[in-house]
Structure formats: C-alpha cells, structure tokens
DNA sequence: ACTAATTCTTGAAGCGCTTCAATCGAACTA
DNA sequence: TAGTTCGATTGAAGCGCTTCAAGAATTAGT
C-alpha cells in the first residue's frame, strides 16, 4: 500500500519525537510509561503494527534468517524432495529454532545462486558443496557462512564427512563377503542423462561430480587395491538423482555390467534405484546381487530390502553447520565420522567369482 | 565487516556519480558502454560485489522471497518432517522457482509468528490456517498473503479443501462396507497429550482444533446421520502429530474403544499411527480393523498396508497458494476437490455389528 | 553551421528506521 | 537557593541504495 503509516506518523500523533517513538517500540525501558502508552495508543489508532523491518535492517539490523543453498543445480522442489536434504535440514532447522531465526531456502543454477548469495536477506549461509568461484565471491561477503562436504581451506568453515573412509568400508564389506565383480553407480551433480564409464583413466572418470564424490571413488579404490583389484577395471555409471535419471542409470548398469555381483552406490537414492530396477528385472537382492548405499538417509530403512549403507550423521551435520553460522567464531573445519550399517541388501555372492 | 565498500566508493573511484554507478549495475542499458566498464573495473578493484540488498530493499524493492508459516505451533523441524507439509511445499517451491524467488520458512508459537509476520523480509506470505488475531493484523500489512484451509471472508485470499465432503466420503465408504462401530482419531493442533472424548456435546468436542478439523467432524457426522448413527455416540481421541503423541493417541483409542471395527483418522499421520499400534497389539488391518486416513500424503502409499484415504491435491494446493501470493490479484477463495482413494486398509467387518 | 531531438549524467531528495550526542527537567544535595 | 545528578527526550545525522527532474553532451536534421 502506498502512503502507509510510518513511525513518523505515529510519533507526530503521539506528540513525541521520532527517536522516542522508536525507543517506545524497541527499548521500552528507556521511555516513561506514560509516553509509552501514548505512543501505543497512537499506533493503535493508525493501525501501525510496529517498525517496518526494511527500515530497521539498513541500520545494521539482523535479517533473523539464514540461507541454505542445496548442493548442485537443483530447484527448491528437488531439494525438498530429497530424503538426504530433509534429514540435513532437520538439524539445521533445529538450530534455527533455537536461535529464533527463519530458514531461507535458495536454489537454482549457478548464476542464480551467485545472485542469491549477494541478494538474499540473511545473516549467514550454509552452502551445499559449491565450486570455488562462489567461494571466492563469498570471501568478500560480510556474512558468515559454512561450506558443506568440501575442504575450502583454513579460511573457510566447512563441515564434511570422511567420504573416502566411508566408501572404503563399503567396498571392504563386499570384499569380505566374497564379492569380486563390482560395478559403481556414481553421483553426478549435473542434470544430464546417465554416463557410462567402461574403463578408463581414473582422473577422467567422473564428469559431473563434486570433490566428495571423487573421494568416495578413491575410497572404493583403496579397498579394491588392497584386494588386488584395479579400480580401473570396475565399470561405472554416473547419474543425477534429482532429475529422475537415476533409474535409467541403474538400468544402464544392468545392461552393460551384467556380470557384477555387487553394486556400490554413492547414495541411498542411487541404491534404491538399483533395488527397483533389480526387481523389475527379476534379480533378487541380496541373493543374486548385493547393493550398498551411502548416507543412511531415511529411505535406507524403508526400502525393500533395507539397505546396507554407509551412515553419515546427517541431522548432526545440519546442526553443526547451523551452529557455525550462528556462532560466527573463527573458521573451523569439521570432519564427521561415518559408519557402515549392515542391513539386508548384501550377502555372499551365489557363486564365487 | 565494518567500513565495507559501498556503491559510493565505487562511484568515486570510477569518477562517476552515485546515480550512474547505480544504473551501471541495475540498468546497464542506460549507461554508455565505456562508463559501464569503468564502473565494473572500479568495483573489481575494490572487491565490490554489487549493490547491497539492504539498501535496495528500502527504496521499494522486492525481497525476492515469500514466507511460509506452517499450521499450528510447530517448529521448522517438525514442519519439514511432515509428509503433508512436504508435498505442499513441493507445489509452493515449484512456483517459487518459476518466479525466481526464495522460500522462507517461519515457524514457532503464535507469539513468534506474529513477530515473524511483521518482521520477515518477504514479498508475501502463505499462512498455514491461522487464527483470526493473526488475520486481523495481517489486514494492515502491505504484503499479499493467502490463508490455507480456512475461510477468512471475501477480503482475504484462501485456498482450502472441502473437508466436510471428504470426511463424509470416508465414513460412507466404511458404512457401505458394513461397519457400524466407529471411533475417530482427531487432529489437535496444539502440542498436548491425547485427549479422550467419550460422548459429549458436539460443540465442545475438539479443543485444539482448527476449522478444517471441525469440518471433518461434521462430515463424518453427515454420513453417520444418514445411516441412523449419532456422532455423539462415537468415541473420539484428539492428538497432535508433530510431537509424536499421536501413537499414544492411537493407543488410547484401542484401550477405550475396543469394540470399534473401523477408525476414521483425520490425517494419514494419524492413520499410520493406528496401523503401527494395531500391529503392536496383534490386530490385523484390514481383517480385524479398517482404517481410513486423510490427505493422501506420501506415506499413505508406503504404509503397510497402503491406506485407504481421502486425497486432497496437496502439491496443487501449494502451487495455487504460491501463485496467489505472486500474482497479487484481487482476493479469491479457492476450494479444491477431494477424492476417496481405496487401498488396502479397509474391508468388510468380520462380524456384523 | 545552428537548432532540435536524443542519449547520458548528475545531484539531490528520499526510503523508514536507529543511534547518539546534546538538551531538558525534575528530583536531590549541601 | 544554587549546584549536582541522572533519567527522559529530542534532533539531526546517517544506513546504502534508487529515482527522477534537470542539466550536459552528443547526434540528427536541414
């Protein structure tokens, strides 16, 4: 509404100065009771609901909100739809509640994120693992922020997990069960259709991945190597969960790597896709095929069969990240532990090798 | 950072006026290429990332975000955890993405909501069905808003469902199957332990409910009446889902209304709690007990057995609400259709009456 | 070459509020 | 009564940016 009442109007009607009116609202104790009531009365009469936050903000005020940018180029809708994100946000929102702050979810492609980082009205940011460009620009921002799942150096707070160890545990588990023929369903962070990587130089393997995804690959490799298997001989399919192409990725895996007895999936979302696709093809898990996921997202428990997976403390991760943003202390780098959780999607292979 | 660079600094270094510098960023076409580059260069040199949104905001700018206040007194964490809310938010976020806006989730108790409504930096609000006090104060706000699931009169936009009809369909379905002994697990919006309503005056039945919940009660009543049953003789337990007391509510229902052959649950969350509690007690659904939910939230499909429920178009509801906020047209009141979906949680009662 | 029509820039006036040094008054000494 | 105190007000100076009328520079028109 144009010409809406402002604090000045209230002050005038109450017969006090602007400053006093402001105090009446924000520091009542500094204003005589009588005057306070006059101001309140004037406000009521004019239908004034209190100082406009826009004005307050400018003068060094807080926005009472922190922003979260999900990882990768995904929409808010996709983010909310992801069990991983949801658990993470649970932790974040818990701390927001504690700090009486709101939660702003920002999304979209890189361009849009850059824009958002500069324009969002928040007191701090939690950045889903994001490229260096954004990091650099962040440096100059005056709001605290934390990056997830990537080491951005000692000047930047980050919270991540030991992905390499986690992935190694997953592969070791399968090796211990006797598996020797593997396939990997890898994470892509870009919205493209599944990519088949038959056997090639490691460094050129994942095209749409983030550092964490590479770490996982290395972790699988660590375990393989100890067992005398070369990661370079393990087929890989890379696929992007939010767009729903992950089922196609699982399908591609079955088509092109039919001899694998065990599949290492870089997320539970990927693993569930394998489960679904396996059932569609009449392949029984874990009898005919073992599958191990990553994250221990909520759907790892509800899937059929429940997933053997590498658990990361998603909720706690959210809490820590949010605390860092609110706390605003010196930069710190947290690395959270991971843990293999064995459920029912893995077993010995039917016939050795 | 105190003393951080501002637009004025950039302007000075570039040797142009403040106004021109502003235009260089916001309306590049109005500035000569050469000058534009000077400004850009100056900005780069100073590490200036573009106009601070706080300043922009004041001069009638947009916050590029809309706020969502979940219904009832719940935390952001609880809200995110609710499948109902998630589906709804999916629709909202879709429209936010379209409008390149962010999504602010506000939560908490009434006090905090009032505060948030006045202070959140957003261009509009979606209010989970909320009491009149908040409505009234909203009237004076200058941002567009829409209320969910409650008719707030012709001056206020609202989106709701025909809860009464939906509830009637649910009860009619059970009646048609031959059920005569019912119990209702009702919705409470307040974080209190379950409340037992044996048989009393209708108007005093639900203590922590919202209008929609009352509508549902009336809908059940409509069906009962047509079958010669009085709603007043149907036992009711009222419970609050977010706090986890809903399982206790289901349990209370089994304790105090052991003879019911069918349970009408006001949400799928309630219905699932009944399912869980039934299994715990060795009561088989639908053989020994029929259960019908409400909402058709995601978990209605994944529950065991899948729920017979009254579907409401949750995602679409979110879309419509968000469009109203962004569209900002004249107030409108939408009523969305509901539809009974029969799955496997209902069947004929084992022995008549 | 000179005026008319354009395109660019400028400077100043806010946007709505908070802050803070300075002022005012009244209650309190001595 | 004059001199202190101390809390309650005031007034003006911003916060960082956008806007807009008005002026300057450039281009077009004849």
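The values are calculated or read from the model by the stated rules, or taken from the named source; none is laboratory data. Remember, it's a predicted structure, so these values are computed and weren't measured experimentally. Quick reminder, even Gly has a Cβ in these numbers, built from the backbone with ideal geometry, and neighbours come from all protein chains shown.
Quick notes on this structure:
- So residue B:292, is it assigned by TED's automatic domain parsing to the domain that holds residue B:190, in contact with a helix residue (DSSP H, G or I) (Cβ under 6 Å, 6 or more places away or on another chain) and assigned to a strand (DSSP E or B): yes
- Residue A:288 meets each of the listed conditions (1) modelled with pLDDT of 95 or more; (2) in contact with a strand residue (DSSP E or B) (Cβ under 9 Å, 6 or more places away or on another chain) apart from (2).
- In this entry, residue A:63 is excluded by the filter for residues that are buried (at least 20 other Cβ atoms within 10 Å of the Cβ), assigned to a helix (DSSP H, G or I), within 46 Å of the chain's Cα centre (by Cα) and more than 9 Å from DNA strand C (Cβ to nearest atom).
- Qualifying residue in the stretch A:16-36 (condition: assigned to a loop (DSSP other than H, G, I, E, B) and more than 13 Å from DNA strand D (Cβ to nearest atom)): no
- Residues in the stretch B:47-70 that are in contact (Cβ under 8 Å) with a residue 40 or more places away in the chain and within 11 Å of DNA strand D (Cβ to nearest atom): B:48, B:51, B:52, B:55, B:57, B:62.
- Filter result for residue A:321 (in the same structural domain as residue A:168 (by TED's automatic domain parsing), within 16 Å of the chain's Cα centre (by Cα), surrounded by 15 or more Cβ atoms within 10 Å (Cβ to Cβ) and not in a strand (DSSP E or B)): no
- Restricting attention to the stretch B:1-59, the residues that are in contact with a helix residue (DSSP H, G or I) (Cβ under 8 Å, 6 or more places away or on another chain), within 8 Å of DNA strand C (Cβ to nearest atom) and more than 29 Å from residue A:59 (Cβ to Cβ) add up to 5.
- Filter pass, residue B:73 being within 11 Å of DNA strand D (Cβ to nearest atom), out of contact with any strand residue (DSSP E or B) (no Cβ under 7 Å at 6 or more places or on another chain) and farther than 27 Å from residue A:7 by Cα: no
- Some residue of the stretch B:192-199 being closer than 21 Å to residue B:162 by Cα and touching a residue at least 24 places away in the same chain (Cβ under 8 Å): no
- Taking the stretch B:1-15 as the range and being at pLDDT 90 or above and under 12 Å from residue B:48 (Cα atoms) as the test, the residues that pass are B:6, B:7, B:8, B:9, B:10, B:11, B:13.
- Of all residues making up the stretch B:42-60, the number that are part of a loop (DSSP other than H, G, I, E, B) and within 7 Å of another protein chain (Cβ to nearest Cβ): 3
- Subset of the stretch A:66-92 (residues that are within 7 Å of chain B (Cβ to nearest Cβ) and under 13 Å from the mean Cα position of the chain (by Cα)): A:75, A:76, A:80, A:81, A:86, A:89, A:90
- Check on residue A:162, under 30 Å from residue A:323 (Cα atoms) and either modelled with pLDDT under 90 or within 14 Å of chain B (Cβ to nearest Cβ) (or both): no
- Residue list for the stretch A:108-130, restricted to those being surrounded by fewer than 21 Cβ atoms within 10 Å (Cβ to Cβ), in contact with a helix residue (DSSP H, G or I) (Cβ under 8 Å, 6 or more places away or on another chain) and at the interface with chain B (Cβ under 10 Å from one of its Cβ atoms): A:108, A:114, A:118
- Considering only residues in the stretch B:12-45 that are touching a residue at least 24 places away in the same chain (Cβ under 8 Å) and under 19 Å from residue A:118 (Cα atoms), the one that is surrounded by the most Cβ atoms within 10 Å (Cβ to Cβ) turns out to be B:39.
- Qualifying residues in the stretch B:95-107 (those that are surrounded by 21 or more Cβ atoms within 10 Å (Cβ to Cβ) and facing another protein chain (nearest Cβ under 7 Å)) - the one modelled with the lowest pLDDT: B:107
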